[in-house]
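The structure under discussion appears below in the form of C-alpha cells.
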Amino acid sequence: MKRSSQLLWTVAALAAPLAALACASIMHGKSQDVNIASQPSGASVTVDNQALGTTPVVAKLKRKDKHVITVKMDGYQPFEMTTTRSTSGWVWGNVVFGGLIGLAVDLGGGGAYKISPGQVNAQLAQAHASATFEDGVLYVVLVRSPNPSWEKIGQLEQLRAGREEL
C-alpha cells in the first residue's frame with residue numbers, strides 16, 4: 001500500500017508542471033497585443049471609445065472581449081472595425097491535463113481566446129464631396145469638413161420661415 005501511495009505522489013508531482021503548462025492563461029495571458037497602423041500614419045486611435053494614441057501603436061486588449069477599434073484623421077473618412085474572438089489551441093491542453101478547473105480559469109479570465117485580427121492596417125480614404133446627375137436628378141454628396149485645398153463653388157443656405165420655397 002505504501003508503494004502505491006508513493007507512486008501516486010510521484011505521478012502527481014510529474015503531472016503538475018504539465019497541467020500548469022497546458023493552461024492557456026499561463027501560456028499567453030489574459031490580454032493580447034494588437035498592432036494598429038494606418039496609411040497615412042499619424043492617425044488617432046480609439047479602442048472601445050478610449051483614446052489610445054496615434055498610429056502606429058500597439059493596443060493591449062483583453063482576450064475575452066470584442067473590441068471596437070476606430071482610426072481617424074482630419075481630411076479622411078474614419079475607419080472602424082470590431083475584433084472577433086475564437087478559441088485558442090491552448091485550451092485543448094486543459095482538456096487533457098488541467099481538467100475542468102483549468103478550463104474554467106481560462107474561460108473566465110479570457111485566456112481561452114485569441115483576438116482576430118492580430119494586426120490592423122487601416123487604409124484611410126480621403127473625404128471628399130461629389131455630385132452626379134442621373135435621369136434629371138442632381139445627387140450631391142457632402143462632407144462635414146472640407147479639405148482646405150478644395151475650391152469653393154457654392155454653398156447651401158437654410159430656408160427661413162415665411163420665405164417661399166422654389
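The values are calculated or read from the model by the stated rules, or taken from the named source; none is laboratory data. Fair warning: this is a prediction, and the values are worked out from it, not measured in the lab. Ideal geometry is used to build each Cβ from the backbone, glycine not excepted, and the neighbour counts take in all protein chains shown.
Values computed for the structure shown
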read-out	value
All strands (runs of 3 or more DSSP E) inside region 110-166 with 3 or more residues being closer than 30 Å to H67 by Cβ and either modelled with pLDDT of 75 or more or in contact with a helix residue (DSSP H, G or I) (Cβ under 7 Å, 6 or more places away or on another chain) (or both)	113-116, 119-123
So A37, is it at pLDDT below 85 and either assigned to a helix (DSSP H, G or I) or out of contact with any His (no Cβ under 8 Å at 6 or more places or on another chain) (or both)	no
Complete set of residues in region 71-89 that are over 22 Å from Y113 (Cβ atoms) and of a type outside the set (A, V, I, L, M)	K72, D74, G75, Y76, Q77, P78, F79
